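Worksheet for the structure shown next.
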Amino acid sequence: MSAAPHGAAQSGPALTELSDDALLRLVEQLGGKPFQGRQVLHWLWKHGVDDVEQMRNVPAKLREALRPHRLRAAEVREAELAQDGTEKLLVGLADGDAVECVIIPDGERTTLCISTQVGCPVGCVFCASGLGGVRRNLTAGEIAEQVLLAKARLPDDRRLTNLVVMGMGEPMLNLDALLPALARIHDADGIGMGARRITVSTSGYPRQMERFAKADESYNLAVSLHAADDELRKQLVPTATHPVREIVAAAHRYFGLKGREVTYEVVLLKGVNDRPSHAETMIQTLRGLPCTVNLIPWNPVDEIRRERGLERPLEAHVDLFAEALRCGGLKVTVRRQRGADRSAACGQLRLRRQPGA
Ligand code: SAH
Ligand code: SF4
């Protein structure tokens, strides 16, 4: 399959990578009127067309002038459907790189998980996305386009209800692209998804969380805590330089500004951070804060298991951990494993296809 989506001969940024202003300017340069520029934007983002000929109310002359331009910056290179309906997409980018996104149907809900970087610079010890470091940031167009690609795969009776920015990469380290991408996804003239249905997960960057809090919209924030003890957290998130108390304080300020309860994610690893003492430290750190703790039993990644000896926690220990937190006054959820038969943890499909990437 071609590495350059929708026409290898076409160069320059794809139309989806242009800001509204830049696209309106381009249409004007090509002889179109401003309202026709807005029609093109609608076709791109609201209707999600991937061929200029589908822009029915755009005059033939303007369609002709637009044809040398790539519409999209990404394409689905590969799709894997798990037995539970979870579908993992390997999204190919114009430069040959790839990221993952995952469609997760669950009753009435359909959640999409999208990526923000090719790889990840944070290097959490349990995560496949961080294994080869980061190659580059995604552009705003590449981030938002994952939603278009996923929507096009849904059956007619399903619509995307939720979006989680929990795929490859650290969203707070690519805010310049993430914020316009989310605005596009949220905008009623764009994809039109409510901010309440959008959750961004971070491994904890207080300064960037402050900037995220200044966005016009109130998205949900999830913070990957993993351990409330600084020493242990550093072992799990080796590049984390911020103390837990600073991360929790930034998350609490986010709640103060936006009125959205923060979720703390805790990936549980057997014998590493799943003991009652770890639950106790977490209670001391989070008690009294309006939040929910989401416990995520580790999805094993073969390479990491072999090389680092990490293991999925025993179910009984996950239950005990959850119970301890509840007794300590915290709200707790435990994440079910999804897409288990198909490299469920993010970064694994890419890892298999591009070893060493
Ligand atoms: N970089 C951001 C968002 C992407 S990771 C962050 O770390 O929050 C999204 C979530 O998936 C994080 O909570 C992360 O800890 C978790 N995760 C990563 N690899 C995992 C694995 N193999 N099993 C279970 N959860 C994993
Ligand atoms: Fe990066 Fe998140 Fe994976 Fe850590 S868990 S390496 S921050 S993607």
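Some values worked out for this structure:
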{"read-out": "Selection within the range 69-104 - closer than 20 Å to Leu182 by Cα, over 16 Å from the mean Cα position of the chain (by Cα) and among the charged types (D, E, K, R)", "value": "Arg72, Glu75"}
{"read-out": "Residue satisfying all of: in the range 241-250; within 22 Å of the chain's Cα centre (by Cα) and within 16 Å of Met282 (Cβ to Cβ); surrounded by the fewest Cβ atoms within 10 Å (Cβ to Cβ) among these", "value": "Val248"}
{"read-out": "Qualifying residues in the range 105-140 (those that are in a loop (DSSP other than H, G, I, E, B) and more than 11 Å from ligand 2 (Cβ to nearest atom)) - the one nearest to the chain's Cα centre (by Cα)", "value": "Ile114"}
{"read-out": "Residue check, Met193 surrounded by 19 or more Cβ atoms within 10 Å (Cβ to Cβ), more than 11 Å from the chain's Cα centre (by Cα), modelled with pLDDT of 95 or more and in a helix (DSSP H, G or I)", "value": "no"}
{"read-out": "Residue in the range 251-265 that is within 27 Å of the chain's Cα centre (by Cα) and within 18 Å of Val122 (Cα to Cα) present", "value": "yes"}
{"read-out": "Answer from Arg67, Arg63, Arg109 - the residue that is free of Cβ contacts under 8 Å to residues at least 12 places away in the same chain and among the basic types (Lys, Arg)", "value": "Arg63"}
{"read-out": "Filter pass, Ala144 being assigned to a helix (DSSP H, G or I), surrounded by fewer than 24 Cβ atoms within 10 Å (Cβ to Cβ) and either more than 9 Å from ligand 2 (Cβ to nearest atom) or at negative phi (or both)", "value": "no"}
{"read-out": "Options Gly130, Gly123; residue that is of a type outside the set (Val, Ile, Thr), modelled with pLDDT of 95 or more, closer than 30 Å to Lys234 by Cβ and within 13 Å of ligand 1 (Cβ to nearest atom)", "value": "Gly123"}
{"read-out": "From the options Pro243, Pro206, Pro238, residue that is closer than 25 Å to Val125 by Cβ, away from ligand 2 (no atom under 16 Å from the Cβ) and not hydrophobic (A, V, I, L, M, F, W, C)", "value": "Pro243"}
{"read-out": "Matching residues, the range 261-283, being within 12 Å of Leu221 (Cβ to Cβ) and away from ligand 1 (no atom under 16 Å from the Cβ)", "value": "Glu261"}
{"read-out": "Residue match in the range 73-96 (condition: within 11 Å of ligand 2 (Cβ to nearest atom) and either outside the structural domain of Arg308 (by TED's automatic domain parsing) or part of a strand (DSSP E or B) (or both))", "value": "no"}
{"read-out": "Condition broken by Arg136, with the remaining ones in (1) within 11 Å of ligand 1 (Cβ to nearest atom); (2) free of Cβ contacts under 8 Å to residues at least 60 places away in the same chain satisfied", "value": "(1)"}
{"read-out": "Near pairs, Cβ below 8 angstrom, 6+ apart or cross-chain, from the range 261-276 (over 17 Å from Glu323 (Cβ atoms)) to any residue that is of a type in the set (D, E, K, R)", "value": "Leu269/Glu311; Leu269/Arg312; Lys270/Glu311; Lys270/Arg312; Gly271/Glu311"}
{"read-out": "For Ala222: the one exception among (1) within 15 Å of ligand 1 (Cβ to nearest atom); (2) in contact with a Gly (Cβ under 7 Å, 6 or more places away or on another chain); (3) not in a loop (DSSP other than H, G, I, E, B)", "value": "(2)"}
{"read-out": "Count - residues of the range 123-141 that are aliphatic (A, V, I, L, M), under 21 Å from Ile296 (Cα atoms) and surrounded by fewer than 24 Cβ atoms within 10 Å (Cβ to Cβ)", "value": "2"}
{"read-out": "Flag for Leu221 being of a type in the set (A, V, I, L, M, F, W, C), within 15 Å of ligand 2 (Cβ to nearest atom) and at pLDDT 95 or above", "value": "yes"}
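To keep it simple, each residue is scored yes or no on (1) over 30 Å from Gly32 (Cβ atoms); (2) touching a Phe, Trp or Tyr at 6+ places or on another chain (Cβ under 8 Å); (3) not hydrophobic (A, V, I, L, M, F, W, C).
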| residue | (1), (2), (3) |
| --- | --- |
| Leu66 | no, no, no |
| Leu81 | yes, no, no |
| Gly85 | yes, no, yes |
| Leu90 | yes, no, no |
| Val102 | yes, no, no |
| Thr111 | yes, no, yes |
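The values are calculated or read from the model by the stated rules, or taken from the named source; none is laboratory data. Predicted, not measured: the structure shown is a model, and the values here were computed from it. Ideal geometry is used to build each Cβ from the backbone, glycine not excepted, and the neighbour counts take in all protein chains shown.
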